[in-house]
Structures are given as structure tokens and as C-alpha cells.
Amino acid sequence: MFLAGLLALIGPGAAAAASDPREALLTRDLAEVGARAAARDIPIVLLMSASYCGYCDRVRDEFLVPMIIGGDYAGRAILAELPIDGPAVRDFDGARRSAEAIARRYHVSLVPTLLFLDGRGRELAEPMVGLGTVDFFGAYLERAVETAEARLTAPEPAP
């Protein structure tokens, strides 16, 4: 049951990594993640991390993995992770780009950084940079998800 719920949240292609939610968060295809988010009209919470970053591990393990396991965000957001020191990935527009180039586009200079994006990769809420106060991090994360959800459902401004 848990495995089926995890696969539904993470999406196709995650079967091999589904036994470990930390691995299932890793993405190499932002276009696919974006298409799933757009189809469901929900935001993407993208953790920009690095292999050497202990704080990234804490954000993933203490916040994102419990969000997956708890299931409360399954219909609210797609959770993903992109290590900036990882391999090239398929970007939102389908082009192959280095993870570092994608980080530069979003002005990510410190990790961990959480981005709140729509299905086309546009920012919906202010990024969360660093871990900050762990006691309040979950509340800040919830507020950012709420902001992203509200921006997705807000009517487009008239030209």
C-alpha cells in the first residue's frame, strides 16, 4: 500500500527507487515532473541539493520524506530533488542541461534551496534558502506551498 502511494506521488520511472523515498525524490527529467504538475494543476517543490551538503540531507530526510510518507501532500504538490553537482537532466523545455546551469537560472548559490514552481518551471513563491530554524521550517514550508497553490489558482492578469 505504501509503495503504491509512493509511486503515485513520485510518478512513473521511480519503481527502481521506490523502496527508498530519498532515492525516489531524485529527478533527471524536469519536463516529466512539470507535465505531471501541470496535468494535476499543483506546484512542484524542488529541492536543490548537493552531494556534500549535510543540511540538504536534513531537509530531505526530516521534511520531504515525511511529507511523502504521510501522504498529506500527495494531491497538493509534487516533490522532487535535483543535486546541483549531479548529472545533466532534461529541463522543463525538454532540452538537456547541466544541473548546475539550472541552478544558475534560478539564482541558487546556496544549498539547500527549495524552489516552488509551476509545470513550466516558473517560480510561484519565494525560494527557501538554507535550513534556518528547524523548529519553524515545517511551518515556513507549508506557507510557501500555500502561496504556490494560491498563485496557480489565481486568475491571469488582463493584458
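Laboratory data are not the source of any read-out in this text; all were calculated from the coordinates shown. Given the structure is predicted, the values throughout are model-derived calculations rather than measurements. Every residue, glycine as well, gets a Cβ built from its backbone with ideal geometry; the counts of neighbours run over all protein chains shown.
Among beta bridges identified by DSSP and lying wholly in the chain, the antiparallel ones come to about 60 percent. With neighbour counts taken as other beta-carbon atoms within 10 Å, the residues LEU114, LEU64 rank, fewest first, as LEU64, LEU114. The relative contact order of the chain, computed from alpha carbon pairs under 8 Å that lie at least 6 residues apart in sequence, is 27 percent. Ordering ILE44, ILE69 from the fewest to the most neighbouring beta carbons within 10 Å gives ILE69, ILE44. Given axes a ≥ b ≥ c from the Cα gyration tensor, I'd like to know whether the stretch 30-91 is rounded (a/c under 1.5), prolate (a/b larger than b/c) or oblate. Note, shape of the stretch 30-91 comes out oblate. Indicate the gyration tensor shape class of the chain (rounded, prolate or oblate), computed on the Cα atoms with a ≥ b ≥ c the square roots of the eigenvalues: a/c under 1.5 is rounded; otherwise a/b larger than b/c is prolate and the rest oblate. In terms of gyration-tensor shape, rounded.
Note on SER98, SER49, SER109: ascending count of other Cβ atoms within 10 Å places them as SER109, SER98, SER49, the fewest first. Under 1.5 on a/c is rounded, so check that first for the stretch 100-157, then, if it is not, pick prolate when a/b is larger than b/c and oblate when it is not; a ≥ b ≥ c are the square roots of the alpha carbon gyration tensor eigenvalues. Taking the square roots of the gyration eigenvalues as a ≥ b ≥ c, the stretch 100-157 is oblate.
For the chain, adding -39500 (n - 2.57) for each run of n ≥ 4 DSSP H residues and dividing by the number of residues yields -11500 deg cm²/dmol at 222 nm. Under a model in which nothing but the beta-carbon of Lys, Arg (+1) and Asp, Glu (-1) is charged, the chain shows a dipole of about 380 debye around its Cα centre.
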